[in-house]
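Student: Have a look at this one before I ask anything.
The values are calculated or read from the model by the stated rules, or taken from the named source; none is laboratory data. A quick note: this is a predicted structure, and the numbers were derived from the prediction, not measured. Glycine also receives a Cβ, built like all others from the backbone with ideal geometry; neighbour counts cover every protein chain displayed. Surface areas here come from the heavy atoms of the whole protein model, side chains and all, with no ligands, DNA or RNA. Shrake-Rupley method; radii C 1.70, N 1.55, O 1.52, S 1.80 Å.
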Amino acid sequence: RGDGGADTNAAADIRTVKALLLNGAIKPADWTNSVTSPLDLRYGAGILNVFNAYEQLAGGEHVYVDSTSVPVDNPHPPTGATGTVSALSGWDFNTISSSRFDDAVNHYYFNVTNSPGQGDFTATATLVWNRQFNQPAINNLDLFLYDVSSGNLMLSSTSTVDNVEHLFVVRLPPGRYDLQVLKHGGTSVSNQESYALAFEFFSLALNIEPSGSGVALTWPVYPAGFILESSTNPAAAWATNTSLPIVTNFQNRVVLPSS
């Protein structure tokens, strides 16, 4: 239907679909990965949530802000680019070209600052590419997230054997960030690679206010996958609340006894 924006062909590419499905997945409590193993050995990217993937698709395609090259295996800190990706949830389908002597870096800059009360964010990003036709190996691409103000690396995904890289960061402070897609140069399958990137930065706003003799809790419908738990003794066990939320203006709303 064109829900992904004007570039419908890119939105329908299998790499874009894969990136969106992986990036929209919900992380179970015991989900884990590492810098060199981007996906959990049991859950992969998590539990499928098509609604989240669709909302990221509907966030539209957003191209990189800056493209640079650095000598092979050299540092690649944020540049001085002032442009910004205009959405905190979306995707891109693009190409990246390296050379025998240089790594290539596509920079996506985000101003992650619009949370209620300047609360921390959760960030997730997924990079996908394919093995090229008639090639026995894949190009080596990596994914990095840098804090622009300090130049510090927040997280990276640098598997040498996968054609997926995945970042998942919680408690990310508000700020300006550089999400980097890097293609290694030197001896590679080819100088150019097409890729899909899905991204999301969010801060979940839970509002609590009186409602008659009870308490009303509201939180956004998207991103989905969160559960509401309650306890009469915060030091004891918490139980999942089974009251179904009412959805109004894209907000979940549940009224509970004040206890």
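Student: If residue 205 satisfies every condition in (1) touching a helix residue (DSSP H, G or I) at 6+ places or on another chain (Cβ under 9 Å); (2) exposed (fewer than 13 other Cβ atoms within 10 Å of the Cβ) but one, which is the exception?
Tutor: That leaves (2) as the condition not met.
Student: Mind counting the residues in the range 53-63 that are farther than 19 Å from residue 165 by Cβ and either among the hydroxyl-bearing types (Ser, Thr, Tyr) or within 13 Å of the chain's Cα centre (by Cα) (or both)?
Tutor: 4
Residues are listed down the side, and each one gets a yes or a no for (1) in contact with a strand residue (DSSP E or B) (Cβ under 9 Å, 6 or more places away or on another chain); (2) in contact (Cβ under 8 Å) with a residue 60 or more places away in the chain; (3) more than 30 Å from residue 68 (Cα to Cα):
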| site | (1), (2), (3) |
| --- | --- |
| 170 | yes, no, no |
| 176 | yes, yes, no |
| 179 | yes, yes, no |
| 192 | yes, yes, no |
| 220 | yes, no, yes |
| 239 | yes, no, yes |
| 242 | no, no, yes |
| 249 | no, no, yes |
| 254 | yes, no, yes |
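Student: Among the residues of the range 20-52, what is the count of those that are open to solvent by less than 50 Å² (accessible area, probe 1.4 Å), assigned to a loop (DSSP other than H, G, I, E, B), closer than 26 Å to residue 220 by Cβ and of a type outside the set (Lys, Arg)?
Tutor: Here the count works out to 7.
Student: Out of all the residues in the range 112-165, which are of a type in the set (S, T, N, Q), modelled with pLDDT under 95 and in a loop (DSSP other than H, G, I, E, B)?
Tutor: Correct list: 113, 114, 115, 132, 134, 135, 160.
Student: Could you tell me how many of the residues in the range 114-137 are open to solvent by 50 Å² or more (accessible area, probe 1.4 Å) and of a type in the set (Val, Ile, Thr)?
Tutor: Adding up the residues that qualify gives 0.
Student: Among 89, 69, which is the only one that is out of contact with any Pro (no Cβ under 7 Å at 6 or more places or on another chain), at pLDDT 95 or above and within 27 Å of residue 203 (Cβ to Cβ)? Steps first, please.
Tutor: Working: 69 fails: within 27 Å of residue 203 (Cβ to Cβ).
One residue alone meets the criteria, 89.
Student: Take residue 17 and tell me if it is among the hydrophobic types (A, V, I, L, M, F, W, C), open to solvent by 20 Å² or more (accessible area, probe 1.4 Å) and not in a helix (DSSP H, G or I).
Tutor: Answer is no for this residue.
Student: Another one. Limited to the range 64-113, what total is found for residues that are more than 20 Å from the chain's Cα centre (by Cα), surrounded by 21 or more Cβ atoms within 10 Å (Cβ to Cβ) and among the polar types (S, T, N, Q)?
Tutor: The total comes to 1.
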